[in-house]
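The values are calculated or read from the model by the stated rules, or taken from the named source; none is laboratory data. Only a predicted model underlies this, so the values are computations on that prediction, with no experimental measurement involved. Glycine also receives a Cβ, built like all others from the backbone with ideal geometry; neighbour counts cover every protein chain displayed. For accessibility, only protein heavy atoms count, side chains too; no ligands or nucleic acids. Shrake-Rupley method; radii C 1.70, N 1.55, O 1.52, S 1.80 Å.
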Amino acid sequence: MLGISLSVSGAPSTTLGPAFDLCVDAENGDDGNDGSMAAPFATLAKLASVSTADDRVGLKRGSRFRETFSAVSARGIGAYGDPADPPPFIDGSDVVAATITAHATHADVYEVTITHSEAPYFAGSYVESNGPHFALWWEPTGGTQLGEYLEPYYGAADIAAGEAFVAANPGRMFVHKDGSTNPDARTEASGQTFRYVFQLADSGDPRTGGALHNAARAELFEHPGGTVSDLVFGRNIRKDCTYAVTQNFVAGDPVPVYRRCAWIDVGCHASLGVCHGHDLLFLSRTPGAATQGAAFHCYHDTYAAATPQLKRARIVGFSKAVYSHGSVGGNILDGMVVERVRAEGCRAFAYGPPSSGSLVVRDGVLIDGVNFVQGSMTADVDGFLFVTITGASPFGRALLSETVKNGIDPVFRNGFAVFRNDTQSGDKRCLEFESATPANNGRLTLQNVTVAGLSRALVYHNLAPITLEESAIGAMSTTDRTPNTGFVGIASQFGIPGSAYDTLAEIQAVASGVDGDCLLEQAEPLAFDGDPTATPYAPTISTPAIVAADMGVDPAVITALLAMDVPSEADFGR
């Protein structure tokens with residue numbers, strides 16, 4: 001459950017906030033007013049009809065807007081009112097008006113039939129991959145407005161099995177097309193009426209003591225330019241929850257800014273467009289964001305040498321924490337700075353397609369990830385922690401993936417990559433996965449870096465040149481990896497027939513041609529204390545012997561990164 005106070009650094013300290021030209025109060029305003037702070041409007045639609053590019057717009061703290069924020073002209077948007085009240089919430093959900101009834105068979109299970117404003121398919125693809133189309137939230141009276149997310153269950157053999165699953169698992173819901181025997185709503189290409197079967201986390205009765213909500217709107221907020229601060233966005237259908245005008249960026253345009261804002265339970269592309277972000281929270285409990293979604297998505301149709309920044313942020317439950325692409329290519333991330341950012345449960349800390357330019361990371365953390373950097377970009381990373389937690393991934397788990405190629409030369413300094421031990425077949429834990437052909441490769445440099453827990457090789461598939469300076473590479477013992485494949489890449493890198501060796505000791509004894517100082521060690525699996533599914537997860541890591549050998553990163557760096565102060569749910573809750 002999310003908290004209520006807003007207490008991040010730089011939060012407003014005055015009672016009413018800065019002066020605004022136009023104000024909106026969803027709870028006590030009136031569209032017949034003049035829009036002043038003393039007589040605010042009630043709706044964003046009224047604001048859009050009168051605002052100009054010179055206006056400073058204020059939204060009242062404690063307000064909830066069940067409408068989209070678009071076509072509003074302004075040079076800045078912020079919050080006013082008592083700082084103890086929660087930030088304004090632009091909400092993509094509506095209260096479920098349909099009648100909720102008790103399930104005929106299962107105790108504590110309820111059902112409701114909802115007619116959606118659109119079919120579940122959109123542009124030929126399943127909406128759930130991009131956003132929470134099938135989604136329910138329960139808001140108890142007196143609780144937080146962000147509420148309890150009822151996680152959907154898919155994969156039931158039939159409708160009865162789906163209902164039985166919900167009965168055995170409080171806090172879950174099952175959905176199917178009304179009148180259909182198909183148990184998977186995701187495969188329904190037509191039809192807008194669906195039957196939801198659900199159980200609250202406390203097995204309570206949803207007909208009293210609160211309100212049930214479902215996702216109802218898409219594209220909640222269009223950034224008009226200037227600085228947007230102290231807002232919360234959430235519960236949108238599909239992707240593109242907020243989007244900046246820089247989607248069609250022109251050189252010389254001011255880059256829009258978000259400060260002290262949060263995106264809660266949204267789909268792919270939480271923040272779309274080239275912009276700067278400071279003190280942000282991206283938290284998604286919905287399934288679409290984790291499979292396809294990007295949190296801070298730097299996108300525009302025409303490249304114009306923009307240099308976005310993301311400083312002090314926490315990103316939870318998205319496929320990519322920082323993502324870049326455009327319809328005509330271009331160095332969208334060229335020079336982008338990502339500083340003091342913690343990502344959890346994200347497939348990649350940063351991802352970019354070909355010609356994504358350069359990325360600068362200063363103090364970046366990815367807990368429970370697959371790849372720290374994925375795609376074609378020159379990464380300059382100084383201060384990082386990368387920990388994989390879950391089992392085998394369909395992707396090769398690596399510090400870098402598809403990155404060291406075509407003259408791209410990433411550099412990693414002062415960091416720790418920990419690949420947690422597992423014995424699942426086909427697991428590929430390596431330093432770099434899927435390079436290009438050797439003729440086109442760049443060079444990967446590690447300086448004061450520790451990598452522990454490799455199951456296969458330094459480089460998996462085509463090899464790239466590597467410079468190792470005061471860095472330590474540790475692998476699992478032979479019993480915890482696939483025999484005869486664990487270090488083929490290491491052997492090949494050093495000019496040794498890899499198939500002739502099975503252990504690191506054998507390779508190390510005859511290795512030659514290493515650039516810089518390097519220690520190759522065979523370390524036992526690392527120990528992790530605590531619940532790896534908890535959020536946030538701060539594992540206690542038993543540092544392997546390779547660090548004690550005075551090689552690799554200073555353990556104090558790891559302690560500092562785990563304790564890094566970033567925004568949390570309590571800072572932006574309602």
| query | Taking the stretch 172-197, which residues are closer than 16 Å to A102 by Cα and either at pLDDT below 95 or touching a Phe, Trp or Tyr at 6+ places or on another chain (Cβ under 6 Å) (or both)? | reply | R172, M173, F174, V175, V197
| message | As an exercise: evaluate R217 against (1) touching a His at 6+ places or on another chain (Cβ under 7 Å); (2) modelled with pLDDT of 80 or more; (3) basic (K, R); (4) farther than 20 Å from V566 by Cα and give the number of the one condition it does not meet. | response | (1)
| query | Can you tell me which residue in the stretch 202-228 is most open to solvent (accessible area, probe 1.4 Å), limited to those that are outside any strand (DSSP E or B) and in contact with a Cys (Cβ under 9 Å, 6 or more places away or on another chain)? | reply | E219
| message | Please determine whether any residue of the stretch 74-95 is over 16 Å from C241 (Cβ atoms), out of contact with any Ser or Thr (no Cβ under 6 Å at 6 or more places or on another chain) and of a type in the set (V, I, T). | response | yes
| field | Selection from the stretch 5-42 of residues that are at pLDDT below 50 and farther than 12 Å from R61 by Cα | value | S7, V8, S9, G10, A11, S13, T14
| Hey, does the stretch 116-133 have a residue that's more than 22 Å from the chain's Cα centre (by Cα), at pLDDT 85 or above and open to solvent by 10 Å² or more (accessible area, probe 1.4 Å)? | no
| query | Can you name every residue in the stretch 70-100 that is touching a strand residue (DSSP E or B) at 6+ places or on another chain (Cβ under 6 Å) and free of Cβ contacts under 8 Å to residues at least 60 places away in the same chain? | reply | A98
| field | Residues within the stretch 74-96 that are surrounded by fewer than 24 Cβ atoms within 10 Å (Cβ to Cβ) and assigned to a strand (DSSP E or B), tallied | value | 4
| Residue satisfying condition, being more than 15 Å from Q447 (Cβ to Cβ), at pLDDT 75 or above and open to solvent by less than 10 Å² (accessible area, probe 1.4 Å), within set G396, G364 | G364
| query | Checking G329 against (1) part of a strand (DSSP E or B); (2) modelled with pLDDT under 85, which single condition isn't satisfied? | reply | (1)
| request: Please name all residue pairs, on different chains or six or more residues apart, with Cβ atoms under 6 Å, provided the first residue is in the stretch 142-156 and is under 15 Å from D184 (Cα atoms) and the second residue is among the aromatic types (F, W, Y) and buried (at least 16 other Cβ atoms within 10 Å of the Cβ). | output: P152/F134; Y153/F165; Y153/F174
